[in-house]
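S.K.: Below is the structure I would like to discuss, written out as structure tokens.
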Amino acid sequence: MSRRLAHLVIPKKIRRRLGELLWSGKTCRSPDRLYLRERLLPWIARRGGCVLLVGCRRYTARDPMYLQQQGIRCWTLDIDPATSRWGAPGRHAVGAIEQACSIFAPETFDTVVLSGVFGFGLDSIPEQDASIAACAAILKPKGILALGWNTDRVSDPEMLPKLAECFRRHHDAELPDRIMFKHSTHVFDMYRRLG
């Protein structure tokens, strides 16, 4: 079936849903998502405590469930109310990460995973810097920020003023402080909150 014919025959809502399913399936198998599921989330689970996952999509729906099964108190946050169906059941908040201080109490979380947001809504340096400041405020002292970003969407966040002011690279025997993936523009950086 040609693309033009598909547009005539298949309703727009169904075309959008099919596209989302195809993209979601591809994303689930990407090297960065595999790393997150197989290495990063188990490491976070071993650390314990309270975790915030920022950004919800169909392909992230299993992440909060996994952490909760490991005994982690897991929250999710997304600016789009429609994504709540993929958030942590009973522990999902709707809002912007830059306003996280008005949603969560200071020093609530042991870990914040902020991945796939820079360049996908948080595009400017002031927005990114505000999100880093908010993460610092809601993280406990020495809490971990796992920052995922794409080299083709934004500049290296390492130069953000709030990152330098509030965080240092987190060095751990199990996880590198920066990991890049072959055939992917995604990067994970690990930071520890000062304090």
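S.K.: With charges only on Cβ, +1 for K and R and -1 for D and E, what is the dipole size of the chain about its Cα centre, in debye, rounded to 20? Could you put the intermediate results ahead of the total?
M.R.: Numbers: 30 positive and 20 negative charges, 222 e Å.
It comes to approximately 1060 debye.
S.K.: In addition: Tell me which of 195, 75, 135 sits at the most positive position along the dipole axis of the chain, charges placed on C-beta atoms (Lys, Arg +1; Asp, Glu -1).
M.R.: Of the listed residues, the answer is 75.
S.K.: Give the separation of the Cα centroids, region 176-195 to region 134-164, in Å.
M.R.: Spelled out, the Cα-based centre of one part sits 10 Å from the other.
S.K.: Would you order 182, 140 from fewest to most other beta-carbon atoms within 10 Å of each residue's own beta-carbon? If you can, show how the numbers build up before the last one.
M.R.: Working: 182 5, 140 16.
Going from least to most buried by this count: 182, 140.
S.K.: Can you pull out the chymotrypsin sites (Phe, Trp or Tyr not before Pro) in region 96-166 that DSSP calls coil and that have at most 14 other Cβ atoms within 10 Å?
M.R.: On the way: sites: 104, 109, 118, 120, 149; in loops: 104, 120.
Those that pass, being in a loop and sparsely packed, are 120.
S.K.: In addition: So, in nm, how far is label residue 30 from label residue 183 when the simple model puts each one 7 Å beyond its Cα toward the Cβ?
M.R.: So the two model labels end up 1.4 nm from each other.
S.K.: Which order results if 37, 192 are arranged by neighbouring Cβ count within 10 Å, fewest first? Walk me through the intermediate numbers first.
M.R.: Working: 37 16, 192 19.
Arranged by neighbour count, lowest to highest, 37, 192 become 37, 192.
S.K.: Count of lysine pairs in the chain with Cα atoms under 26 Å apart, counting only pairs 8 or more residues apart in sequence or on different chains? Present the calculation step by step, with values, prior to reporting the outcome.
M.R.: Working: 12/26; 13/26; 26/182; 140/162; 142/162.
Within the chain, the lysine pair count is 5.
S.K.: Express as a percent, rounded to the nearest 5, the fraction of DSSP beta bridges in the chain (both residues included) that run antiparallel. Let's see the in-between values first.
M.R.: On the way: 13 of 32 bridges.
Of those bridges, close to 40 percent are antiparallel.
S.K.: Karplus couplings for region 134-146 from phi (6.51 cos²θ - 1.76 cosθ + 1.60, θ = phi - 60°), rounded to Hz, Gly and Pro as x?
M.R.: 5, 4, 4, 5, 8, 7, 5, x, 6, x, 9, 10, 9
Coordinate-derived values only; no laboratory data. The model shown is predicted, which means the values in this text are computed figures rather than measured ones. Virtual Cβ from ideal backbone geometry, glycine too; neighbours counted across all protein chains shown.
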